[in-house]
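Report on one structure; see the data block that follows.
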Amino acid sequence: MSTAGFNSQNGTGTGQSYINGPSQNPVGLQQPPGVGYGMTHQPTYNPMQSKAPLPPGPGLYPSGTYQAVPLVSAYQPGPPPTSYPAAPGQPLLSRPPMGSPASHTPPQSASPSPRPPTAQATPPPPAVSSSSYYPNPQQQQQQQQQQPPLASGWQSNTAPRHMGPPTPMSTPPHGPLTNHVNPATNSTMPLLSGAYSSVPPPPPSAASYGSALPPPPTAAAAYSSAPPANLIHSATQPPGPGMPPTSAQGFTQPAGAAPAPMNPLTPNTYQQGRAPYGPTPTGPPQAMKPAPPPVGPLMSSATPPPMKADAQCGSVVNSTLPPTEPHCQEGDIECPGTVAGNGPQAPNNYNHVDNKMAGLPPGRHLGHYPSLPPGYQNTSAPHGATSPMHPAMQAATQPYTQAPQPYQQPPVGPGPAQLSPSLAAMSLQSSTPEALRVVNLLQERNLLPPTAIPAPTPCLPQDLQKVNCNPEVFRCTLTSIPQTQSLLNKAKMPLGLLLHPFKDLSLPVVTSSTIVRCRSCRTYINPFVSFLDQRRWKCNLCYRVNDVPEEFMYNPVSRSYGEPHKRPEVQNATIEFIAPSEYMLRPPQPAVYLFVLDVSHNAVETGYLNVFCQSLLDNINTLPGDSRTKIGFITFDSTIHFYNLQEGLSQPQMLIVSDIEDIFLPTPDSLLVNLNECKELVQDLLKSLPTLFQKTMETQSALGSALQAAFKLLSPTGGRMSVFQTQLPNLGAGALQSREDPNQRASAKDIQHLSPATDFYKKLALDCSGQQVAVDLFLLSAQYCDLSSLGCISRYSAGSIYYYPSYHHQHNPSQVECFQKDLKRYLNRKIGFEAVMRIRCTKGLSIHTFHGNFFVRSTDLLSLPNVNPDAGFAVQMSIEENLDDMQVVSFQAALLYTSSKGERRIRVHTLCLPVVNSLSDIFAGADVQAMTGLLACMAVDRSVTASLSDARDALTNAAIDSLTSYRQSVLTIQQPGMLAPACLRLFPLFVLALLKQKAFRTGTSTRLDDRVFSMSQLKYQPLVYSMLMIHPALYRVDNLTDEGALNINDRTIPQPGMLQLSVEKLSREGAFLMDAGMVIYLWIGRNCNPVFLSQVLGVPSSAAVPDNLYLLPELDTAESQRTRAFIGWLRDQRPFYPSLYVIRDESQRKASFMQNMIEDRTESALSYYEFLLHLQQQISK
C-alpha cells in the first residue's frame, strides 16, 4: 500500500507509517455502503441534518414521490482539503418562516409567572430554518402508512400553502406563525458531519473535525495491493460487526421507577436463574457480517461484497468466509492473535508470526498455563480522587464514592454474568414512572432541582445493574435502546455515547498471561457475558460461543478452581489489564517531553516565560516517567534555537538555525536527553531562559518551522510536544494573517472564519499522529491568534488546547494564577503514550461519527498518541439491524496504552442497556444531559461545515422535534400547554443555554478566538465539565451554614442549593456565586450584608470592594472559612483551574456575569418563557 495513497485519504500528501499500533487500513477496500447484514438500511435519524429542497408551495414535503439525491464524493482532485470538508451535494430541506408570536395569556397558577412578552420589547423567536432532526422524507412517508399520523409538519402529502421568504432574526416577524421549517431555497447545504444521514454515514477519517465529518469514499486504486512494510501480523480474526462501546461502574435503581418491557428470554442452562443473551447457538458459529461503513455513493445491491479492510485487525478479510476459518492479515495490537483459552485455534497461516512477535520459537503457541497464579492488585486513585464531588458531578459518580470491593464473591444464587429471567417480566406499562410524569413547562417555573441532576438508571435486573458501568465514565443519551431504527426516528432523539475513558479511578488491575476475548469479534470478557456451562461462555456482542481457557478456571481471589464467573474480569465493568507481549509491536516507548517556547518580544512582554520556567523547576521531579524519561527544549522567534544538554557539558549550549525554510537538527543525539542523567543542565537552562531573551526586539514568529523541527526531533521515539505561543505566526511555513474584523463581532448575522485558513497544521498533526507524537497548545495572547487554524495541531494529534486571553503577568494576575495551576496539573497528571481506542457494540448497532481530539486510523479505531485523564469523547450511533430478539445490548470501550512507567496496559469499560419496543419506554430512559452534550458536539460541526445560523436552528428544532413526538405519540390524553415528560423537562432550558453559550450566541460581541475555544471545549471536555459551561450553577453564599455540609479532611464544606439563572433570584442584600465551569463569579449586591463583607472580604461596604479582586483574603472567621472551603471544593472537582472574579454592580465584568443568566431576555435573545412560547407554537401546528 503506498504511503501517498493512504495519506491522501486523510487530508495530507505525506506521512509516516504507524508504529506500535494497527497498520493503516485502505478505505477503498472496505465494504461498500448499503451492503451489510442483508437488510435494507434504515435511514438514520439526524438532529442536525439539512433537508432536501422543496418546490415553493405546500407543506413540508412535496406530494410526489421523494427522490433521494445521491451524495457526491467529498474527495475531488484539486487543492488540499481543509479541516472541515463538507459533503457537497446534500439536499437541504428548510422550514417555513415564523411570523410574529401570537398573543398568549400566561396560564394562571399559584406560582408567579413571568410577564408575557410585549410586541415591542420582545425580540423575534429564533428563525428555525434549514436544520432538523428528521430522517429521510421517503422513509418518513413509509412509516406514516404504518404508524399514527404525526402533526402536519411531518406529513408528506399536505395541501399547498403559500410560504413567503424567511424573516431574518434581526427584524420582527410579520404575519401568522407557520410550521417550524423554513421554505427551501434552490441552493443546497452541506450535511453536518456526524449527522444521522439518510444514507449510511461514512467511515470517519482525519479529513474531518475530530473525525466527526464523513470522509470521502476513496478509490481502491489509491492503494497498492501489498501490505505496508511495517505491518506486523498478530491475531486472526474473522469478519465481525462494528464493535460497541462500554462503560464503567454501577447505576442504582431509582425509587419508584418501574423497569422497561423486555423481550422474552431464552432458557437458562447454567447458574440458576440466569439466562444467556440472545438465541441459543446451534451448529457452527454464525458468520457475522461487518457493519457497513457509514456513507458514500449508493451502490447497487447486486454488487458482490468486496474484500473488507477489517477495522479490527488492520487486515483484508473475505467477508464470505465463515468465522471458523479466519483469513486475515493483522497489524492491530489491540487484536493479538493467539489469545489464550478461546478454544482450539482455527486453521491459520499466521501462527508463526504470532509466535515470532511474542518471542517464541516457531510452532509454540501462546497461552499456556502460567507457572504462578495470575496476580491481581488494586491501584488507588490519585490524591484527592475520593473527595466528594461538585453537585453537578456528584450524582454521576455515586458508584465510586467509596472504594470498590471488586473481589468479593457474589452471594449464593444468580451471579452478575448471567441475565435474570425476571427481565422478561419487567414493564413500564404497569405504572407510570416518574420519568414520564407530564409536566406543563409554562406553569411549573421552578423546574431546576436544588441539587445535582442524577444520571438516569437503566431498567435492568438488580444483579446486572450493580455491576454496570459508572455513568461518569460511560453513558448513553438513551438508557433504553429502541428496537428498530424506525422507532428511534419516530422518537426524534439523538442516539450516542459519551465517554471519559482515562478518568482517574480506583479500579482493579489484572496481571495475567491470559486475556480472554471472543474469538469472533474480539470483545473482552465482561460481567454481561453468559456462561452456558463451566467450560463455555457466550459473547454478549456477537453471541458466539467461546471456550473458557484452562487458566481462567482458577480464581486467585478465592484461591478456588472451577468458578470462572467469579473472576474479577466478570465482576467489574471497568478493569485494567497489564498487557502481555503480544500486544506490542515494539518495546514500550519511554516518556519523552519536548517544550517549544515562543521567545519573541511579545512573549517576553507577557511574562509567561518566568512562570513556565519556575513551574517546571518546581515539578521536574514529579514528571511521570521512569529512568528512561527524556526531555528537550526548543525556543523560537524569527529563528529556531536548539539546546545541547549532553551529559558532560558545563552549561547548556544554544544552537541557532536561521534557515527556517529548510529546517534541520544541528546535533540530533544531544537535543533530547535523559532527564535523570542531565537534570542539573536542564535546571540551569530553566533558570537562565527568562533572562536570555529579556531584551529581545524580535517581533516575528516562525511557529510552523519550530513545529517541523520538533516533529523531526520526536519522530524516532514519539512523545509529548508542549507548545507555548503568544501571537499570530507570521513567518515561514504555516504563516497566518488576521481574519477577524472586530467591528463585525456583534452585528454579523453569521460568523465567518470558523474553519482553518490553511491545512498546514492539520497535515503536520497527522504526521505527528503517525509517529506517536501529540501536540498540546498553550495560547497566551491578548490579540487574535487564529485558534481555528492553530488548534488543528492539537485536534488531530489527540492533544489539549489551553487558552488564556489577555494574559499579562502584571495587568491580569488572575490569568497568571490560572496558568500556574493548570501547568502544575498538566506536568503531573497521569499520561498514556502510543494509545489506541476502539468502541464495540452489540451486533445490529453501528457507530458512525466520533467527537473529540484524535485521528481515526480505520473505521472504528481512534489513534491517540497521548491520552490524558481530562479528555472526553462522544460517538453517534445508528441501528443497522432490528434488535427484536434481544433483551439487552452492550457497549465496550477498550483503551490500549503505554504507561509512563513503560507498561503496556488495556483499560476496558463495558455498559449494558435494555432494549425496548415502545416510544414511552424510550422517552422514560432519556438522559437529558447526555443529549445536550451530544447535540453540542454536533452543533459545533454544523457551525463549521454549514453555518452558525444553521447550527442554532438545528438546536431549536431538536427540542421541537422530540417534544412534538412525545405529544403526538406518547401522550394518551391531549391537553393544552407546553407539555413534556419529567425526564425532558430541562431539555428546552438546556437548548436555550446552548443558544446563549459563547460558542453559538449571536448579537453579542464575542472574540473569534473565544468562540472557537469554546467550541473546542464542548467537543473535548467530559460531559460533567461541559455541562457547567453550558448551564452554570448559581448559589447564594452570604448565608452559608453547616447544615447539610460535607466533612472532608477535617474541613466543613457547606452545600447551598442551586438557584435558577435569572435576575429575579438575585438580591441586592445578598452575595451570589456563579460557577460557569472555567470561571467563577462572586457577585456582591449593593446593599450586601455588612457582616459578610467584613468577615469574608475584609471591607466595610460593597463600594469598598476592589475592582480586580480575584483572591479572597484568608480571614480567621467562620464565614470566611466556609466561603473559601466551598470555592476550593468547587475548584477541586475539575482538572482545570477556574479563575475567580469578585464583581459589583459597577464592575466591567458584570456584563459577562449577566450573560450567563440563561432565563432572562437580552437584546438579541429570548427569555426562557418566550422560548417556551415559541416552542409551543411550533409543536401545536
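The values are calculated or read from the model by the stated rules, or taken from the named source; none is laboratory data. Since the structure is predicted, the reported quantities are computational estimates derived from the model, not experimental observations. Positions of Cβ are generated from backbone atoms using ideal geometry, with glycine treated the same way; all protein chains shown enter the neighbour counts. Ligands, DNA and RNA are excluded from the accessible area calculation, which covers all protein heavy atoms including side chains. Shrake-Rupley method; radii C 1.70, N 1.55, O 1.52, S 1.80 Å.
Points to keep in mind about this one:
- Residue within the stretch 926-941 that is farther than 30 Å from L1008 by Cβ and in a helix (DSSP H, G or I) present: yes
- Of the numbered criteria (1) modelled with pLDDT of 95 or more; (2) closer than 21 Å to S794 by Cβ; (3) open to solvent by 40 Å² or more (accessible area, probe 1.4 Å), the one L714 fails is (3).
- Check on L766, more than 17 Å from A999 (Cα to Cα), modelled with pLDDT under 95 and of a type outside the set (D, E): no
- Residue match in the stretch 658-677 (condition: of a type in the set (F, W, Y) and modelled with pLDDT under 95): yes
- Filtered residues of the stretch 954-974 (kept if of a type outside the set (V, I, T), touching a residue at least 12 places away in the same chain (Cβ under 8 Å) and open to solvent by 10 Å² or more (accessible area, probe 1.4 Å)): R967, Q968, S969, L971
- Some residue of the stretch 892-911 being open to solvent by 10 Å² or more (accessible area, probe 1.4 Å) and in a helix (DSSP H, G or I): no
- Restricting the stretch 619-639 to residues that are within 17 Å of P590 (Cβ to Cβ) and of a type in the set (G, A, S) leaves a set whose member that is surrounded by the most Cβ atoms within 10 Å (Cβ to Cβ) is G632.
- Filter result for S688 (of a type in the set (S, T, N, Q), open to solvent by 40 Å² or more (accessible area, probe 1.4 Å) and in a helix (DSSP H, G or I)): yes
- Restricting the stretch 645-654 to residues that are open to solvent by 40 Å² or more (accessible area, probe 1.4 Å) and in contact (Cβ under 8 Å) with a residue 12 or more places away in the chain, the residue that is farthest from P716 (Cα to Cα): Q651
- Residue check, F642 at pLDDT 95 or above, out of contact with any Asp or Glu (no Cβ under 8 Å at 6 or more places or on another chain) and either surrounded by 15 or more Cβ atoms within 10 Å (Cβ to Cβ) or not small (G, A, S) (or both): yes
- Members of the stretch 1068-1119 that are closer than 23 Å to K996 by Cα and not in a strand (DSSP E or B): A1076, G1077, M1078
- Residues that are closer than 26 Å to K998 by Cβ and part of a loop (DSSP other than H, G, I, E, B), drawn from the stretch 700-745: T726, Q727, L728, P729, L736, Q737, S738, R739, E740, D741, R745
- From S794, S788, residue being part of a helix (DSSP H, G or I), touching a Pro at 6+ places or on another chain (Cβ under 8 Å) and closer than 21 Å to Q737 by Cα: S788
- Scanning the stretch 795-820 for residues that are under 17 Å from V604 (Cα atoms) and open to solvent by 10 Å² or more (accessible area, probe 1.4 Å) yields a total of 11.
- Filter pass, A1125 being free of Cβ contacts under 8 Å to residues at least 12 places away in the same chain, in a helix (DSSP H, G or I) and among the aliphatic types (A, V, I, L, M): no
- Cβ-Cβ distances below 8 Å connect the following pairs, each with a first residue in the stretch 1090-1114 that is at positive phi and open to solvent by less than 70 Å² (accessible area, probe 1.4 Å), a second residue that is modelled with pLDDT of 90 or more and of a type in the set (A, V, I, L, M, F, W, C), and a separation of six or more residues or different chains: G1098/L1115.
- Filtering the stretch 516-536 to residues that are in contact (Cβ under 8 Å) with a residue 40 or more places away in the chain and open to solvent by 30 Å² or more (accessible area, probe 1.4 Å) leaves R519, D533, Q534.
- Close pairs from the stretch 796-820: first free of Cβ contacts under 8 Å to residues at least 12 places away in the same chain, partner part of a loop (DSSP other than H, G, I, E, B), Cβ under 6 Å, at least 6 apart: N812/S806
- Residue list for the stretch 801-822, filter: under 15 Å from R1131 (Cα atoms) and touching a helix residue (DSSP H, G or I) at 6+ places or on another chain (Cβ under 9 Å): F819, Q820, K821
- Of the set (1) of a type outside the set (S, T, N, Q); (2) touching a strand residue (DSSP E or B) at 6+ places or on another chain (Cβ under 7 Å); (3) under 24 Å from F873 (Cα atoms); (4) open to solvent by 10 Å² or more (accessible area, probe 1.4 Å), all apply to G977 but (3).
- Flag for Q887 being more than 17 Å from the chain's Cα centre (by Cα) and either farther than 27 Å from R829 by Cβ or of a type outside the set (F, W, Y) (or both): yes
- Close Cβ contacts (under 8 Å, 6 or more residues apart or on different chains) running from residues in the stretch 711-726 that are farther than 24 Å from Q815 by Cβ to residues that are assigned to a strand (DSSP E or B) and open to solvent by 20 Å² or more (accessible area, probe 1.4 Å) comprise T717/K630; G719/K630.
- Residue match in the stretch 730-750 (condition: under 23 Å from S806 (Cα atoms) and open to solvent by less than 10 Å² (accessible area, probe 1.4 Å)): no
- L597 falls short on exactly one of the conditions (1) open to solvent by 10 Å² or more (accessible area, probe 1.4 Å); (2) within 24 Å of F760 (Cα to Cα), and that condition is (1).
- Screening M493 against (1) outside any loop (DSSP other than H, G, I, E, B); (2) of a type in the set (A, V, I, L, M, F, W, C); (3) open to solvent by less than 10 Å² (accessible area, probe 1.4 Å) leaves a single unmet condition, (1).
- For the stretch 861-871, the condition of being of a type in the set (S, T, Y), buried (at least 21 other Cβ atoms within 10 Å of the Cβ), in contact with a strand residue (DSSP E or B) (Cβ under 9 Å, 6 or more places away or on another chain) and assigned to a loop (DSSP other than H, G, I, E, B) holds for none of the residues.
- Residue, surrounded by the fewest Cβ atoms within 10 Å (Cβ to Cβ), within the stretch 537-559, restricted to residues that are hydroxyl-bearing (S, T, Y) and at pLDDT below 90: S558
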